[in-house]
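Worksheet for the structure shown next.
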Amino acid sequence: MSTDQTAQQALTPEPADSAADWWRQAAVYQIYPRSFADSNGDGIGDLRGILSRVPYLVQLGVDAVWLSPFYPSALADGGYDVDDYRDVDPRIGTLADFDEITAALHDVGIKVIVDIVPNHSSDRHAFFRAALASPAGSPERDRYIFRDGLGENGELPPADWRSVFGGSAWEPVGDGQWYLHTFAKEQPDFNWDHPDVRQEFLTTLRFWSDRGVDGFRVDVAHLLMKDLPGDLPSAAELALLDETSGRHPLKDRDEVHDIYAEWRELFDEYDPPRTAVAEAWVSTPERRARYASPEGLGQAFNFDLLTADFDAGQFHSIVTDNLRHSAASGSSSTWVLSNHDVVRHATRYGLPPLHGRDVKQGAEWIIAGAPADGVDLERGERRARAATLFLLALPGSAYIYQGEELGLHEVARIPGDQRQDPAYTRSLAQGEWSSDGLGRDGCRVPLPWTTKPPSFGFGADGAHLPQPEWFADYSVEAEEAAPDSTLNLYRRALALRHQLQTEESLEWVPTDDADVLHFRRPDGWEVMTNFGEEPVPLPGGQVMLSSRRVDGELPGETTVWIVR
Ligand code: GLC
């Protein structure tokens, strides 16, 4: 590979395990609570279900869990439509249950991260109800983004903007006014210039920090600040605006960092300081690094591996660039291959190359299947295991999405009338086929814990999204019994990572094969991934772990961890 592979990326000298720095190289497990474990048999996962699985999390070897929203919600967007930021959905549990799982996780040394959704509330939030009950121009309406409609009686939307999930981004309220919703119409965007909105979130962050939460994942952190002129630009005009200028009317505005500076002051009042990670789909790594600054949220998701093909060149440049940017921002990098918004990576890697297309478009390829025609499932799994072992050896924190440790595939065959995701239902209702294709339900199907239907141990009865028969083979029970299962690979990898992960540095070792990447971590830990299909020679040293059986050579689509 290129000569820059040889450059030593000596990053931060800080020890990985000081109490305030626990997050820098943490393995964080994302739980989508409604689909993890159901303790009361109503088909919906809940907090006591999570409590019952603490031993599983310990055995898996994760350092923290991130809980996707568990707040009261009508589930117009899987819980990202929050009615009340400081309570638990009664279908999921109570605040007392939350305290109990936090204590149980802390007792076993696992940190707790909760999801904060500050760009929008649900349309059932007290602020939005007050806005609807108050007239145009009232202070209550000013907490959201209302505009007069166009046309004689305001019967036309203020602009032709489309929401992320399809359809108009503006919804009428019946008196000539319309409100902005970047996502579903049940998710009105807040006006962050309003002091009440700022206070609502400071109160919320304090509420959860006081309950012992260790950190926050900040939903669409780049969208909060908006600056809308009196005459709104058209969608076509908006599309031409520079998203890296810091002055785009809707995205990644520079002032958003004032909000996070204020949050940082609050986080730093705690010992250890509360942490945060931004979900910021911004245009460049430089813009992303601003969210990760120590004066702001401290860390930001890097989705570059998640949007890449299984390709040595792409992986190499992504790692090199991100380590450089995170070091420059004073943060550590984050690495992600799957989450609740994208096609699971075991399936994605069995699809034709993305070539930079939207990862969510992957779903279109599996329209027919279960998982499906057009997907090479075995290859997908092989590559997923190799990519995961590569990722878990990188300096920085690793995010693992529930079920990926089982090598679970996307569930493609969900009948349309059982799908829940607005990315599917809204685009269908609007007669549009959004770039999301089938939507995101296929990666949110409740986990299989045992080999037995009706719900594969998820709960006593059914599950809120249909589980396919092949889930039995991917269940925790089946995989625990199979020494070479993906679950056992993750367990071994996470245990070893704990022993090996020291300083945040990585040194590329040149190879003479463009399909092979080789890097060294401190203390003799070496990692080699063969992205090609043909076997290549192994380097010297003892193979500690491999994503696939290794016999003398490094097979195609395989990663090995070696010690010297
Ligand atoms: C984030 C979440 C996604 C949600 C959206 C709106 O991207 O990850 O699930 O639909 O924000 O809150």
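Just give me the residues in segment 160-176 being away from the ligand (no atom under 16 Å from the Cβ) and surrounded by 21 or more Cβ atoms within 10 Å (Cβ to Cβ), in sequence order.
Correct list: Trp170 only.
Which residues, counting only those in segment 80-134, are of a type in the set (Lys, Arg) and not in a loop (DSSP other than H, G, I, E, B)?
Within segment 80-134, Lys111, Arg129 meet the criteria.
Out of (1) in contact with a helix residue (DSSP H, G or I) (Cβ under 9 Å, 6 or more places away or on another chain); (2) farther than 23 Å from Arg491 by Cα; (3) buried (at least 16 other Cβ atoms within 10 Å of the Cβ), what's the single condition that is false for Val536?
(1)
Of everything in segment 298-331, what is farther than 29 Å from Asp513 by Cα and in contact with a strand residue (DSSP E or B) (Cβ under 9 Å, 6 or more places away or on another chain)? Give them in sequence order.
Gly298, Gln299, Ala300, Phe301, Ser329, Gly330, Ser331
Answer yes or no as to whether Ile44 is of a type in the set (Val, Ile, Thr), more than 16 Å from the ligand (Cβ to nearest atom), free of Cβ contacts under 8 Å to residues at least 60 places away in the same chain and outside any strand (DSSP E or B).
Taking the combined requirement at face value, the residue does not satisfy it.
Restricting the search to segment 230-246, which residues are assigned to a loop (DSSP other than H, G, I, E, B) and not aliphatic (A, V, I, L, M)?
Matches in segment 230-246: Gly230, Asp231, Pro233, Ser234, Asp242, Glu243, Thr244, Ser245, Gly246.
How many residues are within 16 Å of the ligand (Cβ to nearest atom), modelled with pLDDT of 85 or more and not acidic (Asp, Glu) if we restrict to segment 412-446?
The number of residues fulfilling the criteria is 8.
Might you check whether a residue that is in a helix (DSSP H, G or I), more than 16 Å from the ligand (Cβ to nearest atom), within 27 Å of Asp461 (Cα to Cα) and touching a residue at least 24 places away in the same chain (Cβ under 8 Å) occurs anywhere in segment 59-70?
Among the residues of segment 59-70, at least one is in a helix (DSSP H, G or I), more than 16 Å from the ligand (Cβ to nearest atom), within 27 Å of Asp461 (Cα to Cα) and touching a residue at least 24 places away in the same chain (Cβ under 8 Å), which makes the answer yes.
Restricting the search to segment 517-559, which residues are touching a residue at least 40 places away in the same chain (Cβ under 8 Å), part of a strand (DSSP E or B) and out of contact with any Phe, Trp or Tyr (no Cβ under 9 Å at 6 or more places or on another chain)?
The answer is Arg521, Asn530, Thr558.
List pairs: first residue in segment 229-240 and touching a residue at least 24 places away in the same chain (Cβ under 8 Å), second residue not in a loop (DSSP other than H, G, I, E, B) anywhere in the structure, Cβ distance under 9 angstrom, at least six positions apart or on different chains.
Leu232/Arg147; Leu232/Leu238; Pro233/Leu240; Ala235/Arg162
Take the residues of segment 105-129 that are buried (at least 16 other Cβ atoms within 10 Å of the Cβ) and either more than 16 Å from the ligand (Cβ to nearest atom) or over 21 Å from Ser163 (Cα atoms) (or both): which is nearest to the chain's Cα centre (by Cα)?
Asp115
Would you please list the contacts, defined by Cβ atoms under 6 Å and residues six or more apart or on different chains, that run from a residue in segment 272-287 that is within 14 Å of Lys251 (Cα to Cα) to a residue that is of a type in the set (S, T, N, Q) and part of a loop (DSSP other than H, G, I, E, B)?
What qualifies is Ser283/Thr244; Thr284/Thr244; Arg287/Thr244.
Need pairs with beta-carbon distance below 7 Å; first residue at pLDDT 55 or above and within segment 10-28, second aromatic (Phe, Trp, Tyr) and surrounded by 13 or more Cβ atoms within 10 Å (Cβ to Cβ); sequence gap 6+ or separate chains.
Val28/Trp66; Val28/Tyr399
Please determine, by comparing only the residues of segment 190-214 that are surrounded by 21 or more Cβ atoms within 10 Å (Cβ to Cβ) and within 16 Å of the ligand (Cβ to nearest atom), which one is nearest to Val114 (Cα to Cα).
Applying the filter and picking the extreme gives Phe201.
Please go through segment 404-419 and give me each residue that is within 11 Å of Arg344 (Cβ to Cβ) and in a helix (DSSP H, G or I), ordered by number.
Matches in segment 404-419: Glu404, Leu406.
The values are calculated or read from the model by the stated rules, or taken from the named source; none is laboratory data. This structure is a prediction, so every number in the text was calculated from the model and none was measured. With ideal geometry, Cβ positions are generated from the backbone for all residues, glycine too; neighbour counts draw on all protein chains shown.
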